[in-house]
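Structure record follows, encoded as structure tokens.
Rule-based calculations on the coordinates, nothing more; no lab input. Computed from a prediction, not measured in an experiment: that's the story for all the values here. Backbone-built Cβ (ideal geometry, glycine too); neighbour counts: all protein chains shown.
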Amino acid sequence: MISKCLSPVAGYGTRFLPATKSIPKEMLPVVDKPLIHYAVEEALDAGMVNNAFVTGRGKHAIADHFDISYELETEISGTGKEEKLIDIRKLLDNCTFAYTPQKEMKGLGHAVLAGKNMIGDQAFGVILADDLCITEPGEDSVMKQMADLYEEHQCSIIAIEEVPKENISSYGVIDAEMINDNLFRVNDMVEKPPADEAPSNLAVIGRYILTPDIFDLLSDTKPGAGGEIQLTDAIKEQAKNGKVLAYKFKGRRFDCGSVEGFVEATNYCYENIFKKR
Ligand code: UTP
């Protein structure tokens, strides 16, 4: 069973400036929980109790969120407000949290490589908290769906969704053979291709399960698109050397790295989760 989940949280979040000047974008709240809180809940649902964060600036806000606040706890203890802390207490009681800095901002692949020592020689999940994935009540989280697939296939698995042609150039895109309606075997991947050159309409989103050979592949990966070390390039090598699956998950994804996606997620979560509590 996979027990570790890596979340790179070192990005500058420039699309949300000035809000992200002193707090990481992963701390922006969708209704009443920060994005990173949803990520840790999703990891826990998948049995990944050990969280590893690759941080940049503003890491204290994340570390403080996943820590006891004695003053606050004492203040609201025994009042009706105490129930507001039930969700976060569940995470604190069941999870561990480790942090390491990404010393230079050289891209997602570089951030994942920075987490190598926190992960060790085992398969692990990766959640990009700015992709918020919501599933129907009673349904498994997206990471749990992927962890179950990992148990069966024992290889790297990437989450994908169909994206309209006009948006495809914002994503990593797969070239793959269909295994069934929801599962594909990856042959190749391209990062942010021009719409006319995209090999499919299947875009990679911010959920991965990776086998630990990814670290050696990342060490050998040269800077690619945008001068950054692309995780896509290392996964592409994995696919060439062995087996990588792409999974069309059940659920909805919101691109909370963009203002439009963030607002959409907020409205959705307010109507469908918050108001129904
Ligand atoms: P993004 O490119 O969406 O995040 O990276 P960003 O750079 O913070 O956003 P903008 O474009 O400036 O608004 C996707 C994820 O990868 C992490 C980010 O924190 C985000 O969760 N990341 C990206 C790193 O941790 N390190 C990097 O060098 C790059």
For the stretch 69-198, with equal point scatterers placed on the C-alpha atoms only and solvent neglected, what are the log10 I(q)/I(0) values from the Debye formula at q = 0.11 1/Å, to two decimals? -0.63
Would you work out if the stretch 1-69 is rounded, prolate or oblate? Take a ≥ b ≥ c from the square roots of the eigenvalues of the alpha-carbon gyration tensor; rounded if a/c is under 1.5, else prolate when a/b is larger than b/c, oblate otherwise. prolate
Report, in debye and to the nearest 20, how large the dipole of the chain comes out about its Cα centre when Lys and Arg carry +1 and Asp and Glu carry -1 on their Cβ. 460 debye
Arranged by the count of other C-beta atoms within 10 angstrom, fewest first, what order do Leu72, Leu108 take? Leu72, Leu108
Calculate how steeply helix 231-241 sits against the longest principal axis of the alpha-carbon atoms of the chain, using the helix alpha-carbon long axis, and give the answer as 0 to 90 degrees to the nearest 10. 50 degrees
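Need one number: the % of Cα-Cα pairs in the stretch 6-45 sitting beyond the 11 Å mark. Present the calculation step by step, with values, prior to reporting the outcome.
Numbers: 505 of 780 pairs.
Within the stretch 6-45, distances greater than 11 Å cover 65 percent of Cα pairs.
With loop defined by DSSP as not H, G, I, E or B, and exposure as at most 14 other Cβ atoms within 10 Å, which is the longest segment of the chain clear of exposed GluC sites (Glu not before Pro)?
On the way: sites that count: Glu104, Glu139.
Here the longest segment lacking exposed loop sites spans 140-277.
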Cross-link partners among lysines for Lys21, C-alpha distance below 26 Å, same-chain residues fewer than 8 apart left out? Lys33, Lys59, Lys103, Lys106
From the phi angles alone, apply the Karplus equation (6.51, -1.76, 1.60; θ = phi - 60°) to the stretch 209-219 and give each ³J(HN,Hα) in whole Hz, x where the residue is Gly or Pro. 10, 10, 7, x, 4, 4, 5, 5, 5, 5, 4
With everything on Cα atoms, drop me the angle between helix 35-45 and the longest principal axis of the chain, reported from 0 to 90° to the nearest 10. 80 degrees
Can you check what the Kirkwood hydrodynamic radius comes to for the stretch 134-277, Cα pairs only, in Å to one decimal? 16.2 Å
Excluding same-chain residues fewer than 8 positions from Lys144, which aspartates and glutamates have a Cα within less than 17 Å of its Cα? Glu41, Glu42, Asp45, Asp131, Glu136, Glu152, Glu161
From phi via Karplus (6.51, -1.76, 1.60), per-residue ³J(HN,Hα) for the stretch 148-159 in Hz, x at Gly/Pro: 5, 5, 4, 4, 7, 9, 6, 9, 5, 9, 10, 8
Let me check the size of the stretch 172-244 from its C-alpha atoms; what are the radius of gyration and Dmax in Å? 12.2, 35
Which distance in Å, rounded to a whole number, links the C-alpha centroids of the stretch 104-145 and the stretch 228-277? 10 Å
The stretch 230-264: which trypsin sites (Lys or Arg not before Pro) are DSSP loop and have at most 16 other beta-carbon atoms within 10 angstrom? Lys243, Lys250
For Leu183, enumerate residues with amide H under 5 Å from its amide H, sequence gap 5+ or separate chain, H modeled in the peptide plane. Lys248
Simple label model, 7 Å out from Cα along Cβ direction - Glu75 to Arg89, nm: 1.8 nm
Calculate how steeply helix 259-269 sits against the longest principal axis of the alpha-carbon atoms of the chain, using the helix alpha-carbon long axis, and give the answer as 0 to 90 degrees to the nearest 10. 60 degrees
Per-residue Cβ neighbour rank within 10 angstrom, fewest leading, His153, His37: His153, His37
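Among Val173, Val9, Val204, what is the fewest-to-most ranking by other Cβ atoms within 10 Å? If you can, show how the numbers build up before the last one.
Values: Val173 26, Val9 29, Val204 22.
In increasing order of surrounding Cβ atoms, one gets Val204, Val173, Val9.
What's the Cα-based Rg to Rh of the chain, Rh via Kirkwood? Walk me through the numbers before you get to the answer.
Numbers: Rg = 18.3 Å, Rh = 19.2 Å.
My calculation puts Rg/Rh at 0.96.
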Within the stretch 148-165, find all residues whose amide N lies under 20 Å from a label point positioned 7 Å from the Cα of Asp196 along Cα-to-beta-carbon. 164-165
